[in-house]
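One structure below.
The values are calculated or read from the model by the stated rules, or taken from the named source; none is laboratory data. Everything numeric in this text was worked out from a predicted model, so none of it was measured. Quick reminder, even Gly has a Cβ in these numbers, built from the backbone with ideal geometry, and neighbours come from all protein chains shown.
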Amino acid sequence: MNEEIKLKDYQDIITTNLAWTVKKVELFGAIMAFSRRENSNVNGLQETQKIWSSNKSKPNNDENFSLFCKSLGIESSGIITCRQVHGDRILICKEVPKKLVAADAIIVTAPGLYPLIRTADCVPILIIDRVKKISAAIHAGWKGTVLRIIRKTLSTLTDIFKCDKSDIIVALGPSIGKCCYEVNRVVLDPLFQNLPWATEFSVPYQDISESNDEKRRLDLAAINHSELIKFGIYKKNIYKLNMCTSCNVNDLHSFRRDGASSGRSIAITGFRL
Ligand SMILES: [Zn+2]
């Protein structure tokens, strides 16, 4: 990876014990945060006390979750989440829903409410409109990327809520990198069918011990970043944490690395009251 680009991308990201946060959005009364893995050497949380575990729709450890919310200065009662199903449904709300809804993107139109999604390799995407005070969180794995959930969410913001593209700020959190994300035709065929230009974000699979030319390695975050640019989001308003979930063992959860017992990282945004 180009070290210069990496450092540039990091300059507006603050690392705290529990999360990476985007500094600039605080100017607009917003938060954008991606949680760090439970690590007793870093944040005092034991690995056994995962804040969020497996595919649960609620925190695994309420105490640590409260600690996480407190570190961001937000009330956990304002958090809005969903049952993530690798689809493209967008949940739109102005209050905390009474029931858990199946969706993979959440748009929130009132301050004091915080859309939250969980990931372990998939791309977590946080969006705010700094003027209209609307926030959104997206869970984009390969299926969501194929379904263009990021573009659909942006279209909803501009078409329904009349957001101006120039007011939109986006952060792409840690996800599995092209160093580790090997995929086969099951992923590549629908992806290249829907997004032919995405071929440039894939590289040949290089394990010569396995003569499998059907496999490639993908950069899902770069594909979603490209969706943002193609949609017209200003490059200067996009923050991208170039961290691979699988490589960064001490800081991030990875389903590919740890399997079904993997914890989940939290991505959360929203405007303070
Ligand atoms: Zn990696």
Going through the range 217-273 in order, the residues found to be of a type in the set (G, A, S) and either away from the ligand (no atom under 13 Å from the Cβ) or free of Cβ contacts under 8 Å to residues at least 24 places away in the same chain (or both) are A222, S226, G232, G259, A260, S261, S262, G263, S265, A267, G270
For the range 184-203, name all the residues that are within 16 Å of the ligand (Cβ to nearest atom) and at pLDDT below 95.
S202, V203
Tell me, please, whether a residue that is within 18 Å of the chain's Cα centre (by Cα) and either of a type in the set (A, V, I, L, M) or within 24 Å of I117 (Cα to Cα) (or both) can be found in the range 180-190.
yes
Residues located in the range 166-201, provided they are more than 25 Å from H253 (Cα to Cα) and loosely packed, with under 15 Cβ neighbours inside 10 Å:
S166, R185, D189, Q193, N194, P196, W197, T199, E200
Sort out which residues of the range 92-125 are surrounded by fewer than 22 Cβ atoms within 10 Å (Cβ to Cβ), touching a strand residue (DSSP E or B) at 6+ places or on another chain (Cβ under 7 Å) and in contact (Cβ under 8 Å) with a residue 24 or more places away in the chain, and write them in order of number.
I92, L100, T109, P111
Subset of the range 49-82 (residues that are under 15 Å from S262 (Cβ atoms) and not polar (S, T, N, Q)):
K50, I51, W52, K56
Here are some conditions: (1) more than 16 Å from the ligand (Cβ to nearest atom); (2) under 20 Å from R151 (Cβ atoms). E214 meets all but one. Which one does it not meet?
(2)
Just to be sure I understand the filter: pairs with C-beta atoms under 6 Å, separated by 6 or more residues or on different chains, first member in the range 56-73 and free of Cβ contacts under 8 Å to residues at least 12 places away in the same chain, second member part of a helix (DSSP H, G or I). Which pairs pass?
P59/F65; C69/S76
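Search the range 167-178 for residues being at pLDDT 95 or above and farther than 21 Å from S35 by Cα, and hand back the single one that is nearest to the ligand (Cβ to nearest atom).
By that ranking, first place goes to I168.
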Taking the range 26-41 as the search range and keeping residues that are over 16 Å from the mean Cα position of the chain (by Cα) and aliphatic (A, V, I, L, M), which one is farthest from G173 (Cα to Cα)?
L27
